[in-house]
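Since every read-out is calculated from the coordinates, none of them should be taken as a lab result. This is a predicted model, so every value here is computed, not measured. Here the Cβ is made from the backbone with ideal geometry for all residues, glycine too, and neighbour counts use every protein chain on show.
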Amino acid sequence: MRPSGPMTPEIRAALDDTLARLAVLDPGDAFEPRAAATIVEAGLHRLCVPVSSGGLGASMAEAAEVLMALGAIDGSTALGFAMQVHVVGAMRDATVFPERLRTGLDRAIVERAALVNNAATEEGGGSPARGAIPGTRAVPDGDGWRLTGEKTWTTWLPNLTHAFVTARLHEGDEDLARPMVGTFLVDLSSGGVERREGFEALGMRGSASGRLVLNDVRVPAEAVVQRRRIGAPDPRGAAPLAWFGVSIAAAYLGVGEGARAEVVRWAKSRRPGDGSAAVAEIPSVQLRLGRMDAELRAARIVVLDAAGRWEADRDASDVPLAKLVATRAAVTATDEALRIAGGPGFLAGPLERAFRDARAGLINPPLEDVALQGFGRALVAEAKVSRAGEA
Ligand SMILES: Cc1cc2nc3c(=O)[nH]c(=O)nc-3n(C[C@H](O)[C@H](O)[C@H](O)COP(=O)(O)OP(=O)(O)OC[C@H]3O[C@@H](n4cnc5c(N)ncnc54)[C@H](O)[C@@H]3O)c2cc1C
């Protein structure tokens, strides 16, 4: 077993309960609504709600440990739950967040098993992480708003009770170059909300990342989470990006760790040819196992360190690094696992699924090229060079 970080007995119990129930379910590749139900039945859905509000009060490191453990069993379940984790964690740690909205959502989670995610991405709009302007419209309506638009890639859509929806505000004073955008908490039982299936993807097929359609959906004024001109800083501070990056990193790292456990188990039990030796005894296989293990262990250290530094002093500077090394480690590990297992690994099953699931991590923000360019920019800005060009 890998050394694990701190975890309260309550979180450990809820996690163990969930893992035991999930193992029986064996969700496979298809969307499995009972996977979310197991999380709720075990009480784990309250993971990031503060203890004072009836939650489990997880730190970011504890939340990451939970997501890694889930990812090792089922990537899609880990990714779906990562959405609840990052949204609720960010709400707790935000610099500015409407208090009534926060307490109302915490109460909905604890008392009515609410499940929530961000619905930001839109067809053709590209990644919100690159500053896409939402096509979804928010028009004032008395003391509230009416939302119309369509979001894509909304993970766990069939399970969700609420979504944080981004929209462009249409209030009459349109600045086309720098429009106002806002985020609204939408109760998905509202009139005009439609959920559409249709997630035919390479990996994370069970995440049901569907289309959320809003047809003139009425939301009250209190549903506004934040509003600002596009390009202006998020009033919530670094919390949304920190929680998102670490949660995503942990879910995908879990996928890689699951592939490691599965391929070791397989290699020890598989005795090809005359049956005199297990695959696990072949030196070149041990080299491959070592290679995947080194990357996964290093990534775990980076992810937990980034999470710990967020908790300690709200330092999010290494979150993009954590996401980058975690997804790279998951991609390497699942690739090595298939090379070790050969034909049997190529057939439909846990190793083949992990190979596909891990690759979705390359597409979730923070994206590799954005992260790497940021590291490079920082290096250039920090380097002190004399006029003659000497350091
Ligand atoms: C499994 C999964 C689950 C997801 N769940 C959710 C969810 O729950 N909610 C949600 O809102 N979103 C979700 N997303 C969407 C995700 O966050 C991205 O917004 C979405 O994948 C589109 O981003 P993109 O960069 O791939 O597409 P595009 O922005 O269309 O980009 C296409 C390609 O061009 C590149 N590119 C684009 N702009 C630039 C640029 N300026 N410079 C350099 N390269 C550029 C991109 O890197 C990419 O390779 C999910 C995605 C995945 C894979």
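Would you work out if segment 117-229 is rounded, prolate or oblate? Take a ≥ b ≥ c from the square roots of the eigenvalues of the alpha-carbon gyration tensor; rounded if a/c is under 1.5, else prolate when a/b is larger than b/c, oblate otherwise. Since a/c reaches 1.5 but b/c is at least a/b, the shape of segment 117-229 is classed as oblate.
Mind giving me the FRET efficiency for Arg314 and Arg12? R0 is 30 Å, r the Cβ-Cβ distance, nearest 0.05 is fine. In this case the efficiency is close to 0.70.
For Val302, what is the net charge nearby, where nearby means another residue's Cβ is under 13 Å from its Cβ and Lys, Arg count +1, Asp, Glu -1?
+2
Loop-located trypsin sites (Lys or Arg not before Pro) across segment 126-195 with a Cβ neighbour count of 14 or fewer within 10 Å are lacking, with loop assigned by DSSP. Between Asn118 and Phe164, the built amide H atoms are under 5 Å apart, and every one of these is 5 or more places off in sequence or on another chain. Largest first and in whole Å, the equivalent-ellipsoid semi-axes of segment 264-351 read 35, 12, 9, each the square root of five times a Cα gyration tensor eigenvalue. Between Ile282 and Ser53, the contour length at 0.36 nm per residue exceeds the alpha carbon distance by 77.1 nm. Output the 0 to 90 degree angle, nearest 10, between the alpha-carbon long axis of helix 350-360 and the longest principal axis computed from the alpha carbons of the chain. For 350-360 against the chain, the angle is about 40 degrees.
So if each residue of separation counts as 0.36 nm, and I subtract the Cα-Cα distance between Lys384 and Arg100, what length gain in nm does that give? Show your work: numbers first, answer last.
Working: separation 284, 0.36 × 284 = 102.24 nm, distance 4.82 nm.
Taking Lys384 through Arg100 to full extension adds about 97.4 nm, to one decimal.
Under 20 Å from a point 7 Å along the Cα-to-Cβ line of Ala201: which residues of segment 337-361 have their amide N that close? Of the residues in segment 337-361, 349-361 have backbone N under 20 Å from the label point off Ala201. The calculated FRET efficiency for the pair Ile230 and Ala294, based on their C-beta separation and a Förster distance of 30 Å, comes to about 0.10. With contacts taken as Cα pairs under 8 Å at a separation of at least 6 residues, the chain carries a relative contact order of 17 percent. The angle between the Cα long axis of helix 239-269 and the main principal axis of the chain comes to about 20°, on a 0 to 90 degree scale.
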